[in-house]
Amino acid sequence: MNLQNFMNANYWASLVSSPWMALMHLFDILMVIIIIYNFIRFVSGTKIMILIRGVLFFIAGYVIATLLGLQTIAWLMNQVLTYGVIAGVIIFAPELRAALEKLGRTTQIFNSQSVPAEELLIQAFVKSVRYMAPRKIGALVAVEQAQTLQQYISTGIPLDADISGELLINIFIPNTPLHDGAVIIQDNKIAVSCAYLPLSESKSISKEFGTRHRAAIGLSEASDAFVFVVSEETGGISIARNGVFKHGLSIEEFEEELRTLFQTEDTQPSGWIKRIGGLRK
């Protein structure tokens with residue numbers, strides 16, 4: 001293919017000469033777009049993007065020069081593209097090697113199973129509670145649902161961190177700067193720690209439950225958030241949602257509650273086709 005083809009009406013007519021040919025060309029273009037999109041997303045923020053920008057600049061110059069009939073400039077641009085890319089690969093060899101190693105470690109295109117975000121969330125919560133409950137490490141975690149918790153998020157210390165059991169444990173270790181207050185989960189991220197939640201004013205709450213439990217119940221009464229608590233005095237596990245408070249849960253019961261809430265029937269592992277298209281959940 002050359003640039004003259006783009007000015008030839010017969011060439012464009014040949015591309016759609018039959019429905020099958022048109023479909024194949026459409027599929028071909030779609031696959032190229034997907035590959036380029038994922039490649040750019042993969043190298044975004046790395047030094048390799050400098051090389052890509054330079055190549056795109058010379059490609060644009062070559063196209064313009066060819067369309068205008070500037071043969072000398074087009075020839076020069078073609079030579080730069082031919083040998084410049086090779087020079088760029090040599091110059092950026094360490095970055096390219098690191099990128100390829102990263103791609104080899106993380107890409108699972110043909111793996112039909114991947115862990116959904118909901119499952120990662122459940123695993124992180126169960127792992128953290130399994131560690132904190134026997135050691136009586138107090139914890140208070142709220143998970144935003146349909147109603148926003150932004151007014152409470154604004155009272156905390158921003159983290160915007162990926163959820164993991166280890167991080168949750170670290171946050172609630174006593175006598176550390178982040179352990180006081182609540183952790184709020186928003187969009188599968190730890191949005192903030194040390195957030196202040198509204199205390200329930202219900203008089204039916206037993207005196208054995210402290211401020212953490214009243215805050216959990218209070219938030220569940222004011223929103224549709226899911227909140228769980230680990231007691232600092234007893235190590236007991238409690239949950240609150242829509243004003244309903246359950247306490248004294250075992251690890252197994254806690255996990256079952258999490259799966260009932262967060263796992264739905266349409267939560268399925270994303271396949272390799274979605275992963276190629278960058279549609280991974």
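Against the condition among the aliphatic types (A, V, I, L, M) and modelled with pLDDT under 75, how does residue 80 come out, does it pass?
yes
Of all residues in the range 153-166, how many are touching a residue at least 40 places away in the same chain (Cβ under 8 Å) and in contact with a helix residue (DSSP H, G or I) (Cβ under 7 Å, 6 or more places away or on another chain)?
Of the residues in the range 153-166, the ones touching a residue at least 40 places away in the same chain (Cβ under 8 Å) are 153, 155-156, 163-165.
This time we only want the ones that are in contact with a helix residue (DSSP H, G or I) (Cβ under 7 Å, 6 or more places away or on another chain), so: 163-165.
Qualifying residue count for the region: 3.
Go through the range 184-214 and give me each residue that's more than 24 Å from residue 118 (Cβ to Cβ), under 29 Å from the mean Cα position of the chain (by Cα) and open to solvent by less than 50 Å² (accessible area, probe 1.4 Å).
194, the sole residue that qualifies.
Taking the range 206-232, which residues are touching a residue at least 40 places away in the same chain (Cβ under 8 Å) and either among the basic types (Lys, Arg) or more than 23 Å from residue 185 (Cα to Cα) (or both)?
212 - this is the single residue of the range 206-232 that is touching a residue at least 40 places away in the same chain (Cβ under 8 Å) and either among the basic types (Lys, Arg) or more than 23 Å from residue 185 (Cα to Cα) (or both).
Output the residues belonging to the range 66-83 that are in a helix (DSSP H, G or I), free of Cβ contacts under 8 Å to residues at least 24 places away in the same chain and among the aliphatic types (A, V, I, L, M).
73, 74, 76, 77, 80
Give the range 7-25 a look and list any residue that's under 28 Å from residue 82 (Cα atoms) and modelled with pLDDT of 65 or more, or say none. Give the steps one after another, and end with the answer.
Residues of the range 7-25 under 28 Å from residue 82 (Cα atoms): 7-8, 11-12, 25.
The one that is under 28 Å from residue 82 (Cα atoms) and modelled with pLDDT of 65 or more: 25.
Might you check whether a residue that is touching a helix residue (DSSP H, G or I) at 6+ places or on another chain (Cβ under 6 Å), over 18 Å from residue 239 (Cα atoms) and surrounded by 14 or more Cβ atoms within 10 Å (Cβ to Cβ) occurs anywhere in the range 169-182? Before the answer, list the steps.
Here is the first cut: in the range 169-182, the ones touching a helix residue (DSSP H, G or I) at 6+ places or on another chain (Cβ under 6 Å) are 169, 178-179.
From what is left, the residues that are over 18 Å from residue 239 (Cα atoms) are 178-179.
Going one step further and asking which of them are surrounded by 14 or more Cβ atoms within 10 Å (Cβ to Cβ), we end up with 178-179.
So far as the range 169-182 goes, yes, one or more of its residues are touching a helix residue (DSSP H, G or I) at 6+ places or on another chain (Cβ under 6 Å), over 18 Å from residue 239 (Cα atoms) and surrounded by 14 or more Cβ atoms within 10 Å (Cβ to Cβ).
The values are calculated or read from the model by the stated rules, or taken from the named source; none is laboratory data. Given the structure is predicted, the values throughout are model-derived calculations rather than measurements. Quick reminder, even Gly has a Cβ in these numbers, built from the backbone with ideal geometry, and neighbours come from all protein chains shown. Surface accessibility is based on the protein's heavy atoms, side chains included, excluding ligands, DNA and RNA. Shrake-Rupley method; radii C 1.70, N 1.55, O 1.52, S 1.80 Å.
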